[in-house]
Amino acid sequence: MSALASGTASAAAIAASVNRRETSALAVVEAALARIARHNPALNCFTSVTRERALASARRVDADIAAGKNAGPLAGVPFAVKNLFDVAGLTTIAGSKINRDLAPAPHDAPLITRLEGQGAILLGALNMGEYAYDFTGENIHDGPSRNPHDVTRMTGGSSGGSGGAVAAGLVPLTLGSDTNGSIRVPASFCGIFGLKPTYGRLSRAGTFPFVSSFDHLGPLARTTEDLALAYDAMQGADPADPVQASRPDEPSCGSLHNGIAGLRLAIAGGYFEQGRSAAASAAMSQVARALGATRTIHLPEVARARAAAYIITAAEGSALHLDRLRERAGEFDPAVRDRLLAGAMIPAGAVIRAQKLRRWYQRQVLALFQECDIILAPATPCTAPKLGDTTLDLGAQKVPLRPNIGLFTQPFSFIGLPVVTVPVQLSPLPIGVQIVAAPWREDLALRVAHHLERAGVVHAKALAAFS
């Protein structure tokens with residue numbers, strides 16, 4: 001079976017083949033739709049498949065190429081989006097029951113439009129944790145998304161369908177959101193690459209929010225080149241997102257091959273060495289050794305920063321949902337509802353103190369980038385837990401699983417730093433490592449990730465069961 005038919009082909013390889021007319025966008029899309037029909041019942045990644053739209057888009061791409069037009073660097077590449085993105089004609093359910101009463105979205109989210117403008121083809125919407133308040137990928141309304149490495153295990157969340165769909169080869173590219181780790185956790189559990197850009201880098205317009213001061217959007221893919229292609233295609237100022245930065249675009253794909261010579265690499269110590277599994281430690285050792293990173297750096301007051309992130313998350317999230325909590329509390333996932341209700345009772349003074357700590361912590365961490373260019377940290381404390389697990393073993397203690405999967409991701413999204421998660425393929429399950437850069441330096445994080453990929457230290461595994 002060819003890579004194009006099996007789902008193991010990268011987005012870059014698909015686009016090159018389509019642009020050279022070695023295959024057609026229609027053939028690529030039909031093969032992807034067949035894979036979804038065959039494997040989604042077991043994986044539960046997709047909540048909607050936009051079949052007719054995808055076929056029509058593929059025919060347009062093929063017609064443009066036949067007419068000698070430039071179809072773009074993502075020509076014929078199938079992609080799908082977390083179901084909190086607006087997709088014209090679909091209701092933006094955001095993993096909830098309540099939102100299903102809303103009218104269908106009249107327009108696509110800008111990031112969808114930008115990807116399609118470069119030739120990519122939307123195939124549908126993906127399963128997620130309710131209102132993005134989730135690290136597991138378990139949704140009580142649509143059922144859990146299941147990990148392609150072991151369908152009895154979690155994909156991670158809240159972009160669980162996004163991670164599972166890429167890992168299984170249903171599509172080579174997906175979009176997710178990341179508030180406290182919701183791109184990086186599925187990337188780690190599913191053994192793929194994920195990019196959480198700098199806060200404000202990519203427009204969030206046309207998506208259902210969770211915590212506006214933390215929310216990021218970004219891609220998940222099987223290769224670093226695909227991450228960079230998608231990231232470059234989605235950049236650009238957008239006045240529809242009030243926090244979206246009016247910085248010039250920073251193309252990254254062309255700089256992937258620049259290597260890591262001269263980059264100052266550091267390993268996050270202290271807090272990031274505690275509570276991690278043997279798998280997380282092994283992945284960190286492999287990555288650090290391959291990069292020649294020996295220096296350890298200590299972020300200040302990380303535990304307090306994570307506590308402050310929880311306070312702000314709960315308070316902002318509950319404020320968004322107060323009317324729904326008053327009128328339709330029984331229709332929430334109880335685990336989500338109870339955390340939102342608790343957030344509504346947080347005193348204003350606690351939120352103000354948390355924001356003060358956030359500003360202090362940001363200044364301290366940014367000062368560390370005077371001494372280094374990249375910080376390495378584990379992405380998750382463990383490999384993918386079993387579906388239904390409620391506790392997490394951190395060695396010295398057992399803690400509630402749901403909140404603590406984000407043990408190592410929250411300290412970076414709290415202050416909006418760009419992060420690439422890379423997959424280390426351990427046996428029996430993969431686990432991710434975070435490559436963290438200073439604000440607006442996604443290019444450096446992607447360069448380091450690409451170096452590791454070329455060295456064979458990190459890669460997305462082809463899963464025979466889904467070929």
Does residue 390 meet the test of being of a type outside the set (Phe, Trp, Tyr), surrounded by fewer than 16 Cβ atoms within 10 Å (Cβ to Cβ) and in contact with a helix residue (DSSP H, G or I) (Cβ under 7 Å, 6 or more places away or on another chain)? yes
From the list 38, 20, 51, pick out the single residue that is charged (D, E, K, R), surrounded by fewer than 19 Cβ atoms within 10 Å (Cβ to Cβ), closer than 18 Å to residue 118 by Cα and modelled with pLDDT of 95 or more. 20
Looking only at region 96-143, and only at residues there that are in a helix (DSSP H, G or I) and of a type in the set (Ser, Thr, Tyr), the one that is farthest from residue 86 (Cα to Cα): 131
Of the candidates 132, 120, 75, 94, the one satisfying the condition of being closer than 30 Å to residue 21 by Cα, under 21 Å from the mean Cα position of the chain (by Cα) and in contact (Cβ under 8 Å) with a residue 24 or more places away in the chain is 120
Out of the residues in region 441-462 that are surrounded by fewer than 24 Cβ atoms within 10 Å (Cβ to Cβ) and among the basic types (Lys, Arg), state the one that is nearest to residue 199 (Cα to Cα). 441
For residues in region 11-48 being in a helix (DSSP H, G or I) and among the polar types (S, T, N, Q), which is nearest to the chain's Cα centre (by Cα)? 40
Being within 25 Å of the chain's Cα centre (by Cα) and in a loop (DSSP other than H, G, I, E, B) is the filter; apply it to region 275-327 and report the residue that is surrounded by the fewest Cβ atoms within 10 Å (Cβ to Cβ). 277
Would you confirm, using the coordinates I've provided, whether residue 259 is at pLDDT below 95, of a type outside the set (A, V, I, L, M, F, W, C) and touching a Pro at 6+ places or on another chain (Cβ under 8 Å)? no
Conditions (1) out of contact with any His (no Cβ under 9 Å at 6 or more places or on another chain); (2) in contact (Cβ under 8 Å) with a residue 12 or more places away in the chain: number failed by residue 101: (2)
Could you list, in sequence order, the residues of region 135-156 that are under 17 Å from the mean Cα position of the chain (by Cα) and over 22 Å from residue 179 (Cβ atoms)? 146, 148
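The values are calculated or read from the model by the stated rules, or taken from the named source; none is laboratory data. On a predicted model such as this, the values are computed, not experimentally measured, just so you know. Positions of Cβ are backbone-derived with ideal geometry, glycine not excepted, and every protein chain shown enters the neighbour counts.
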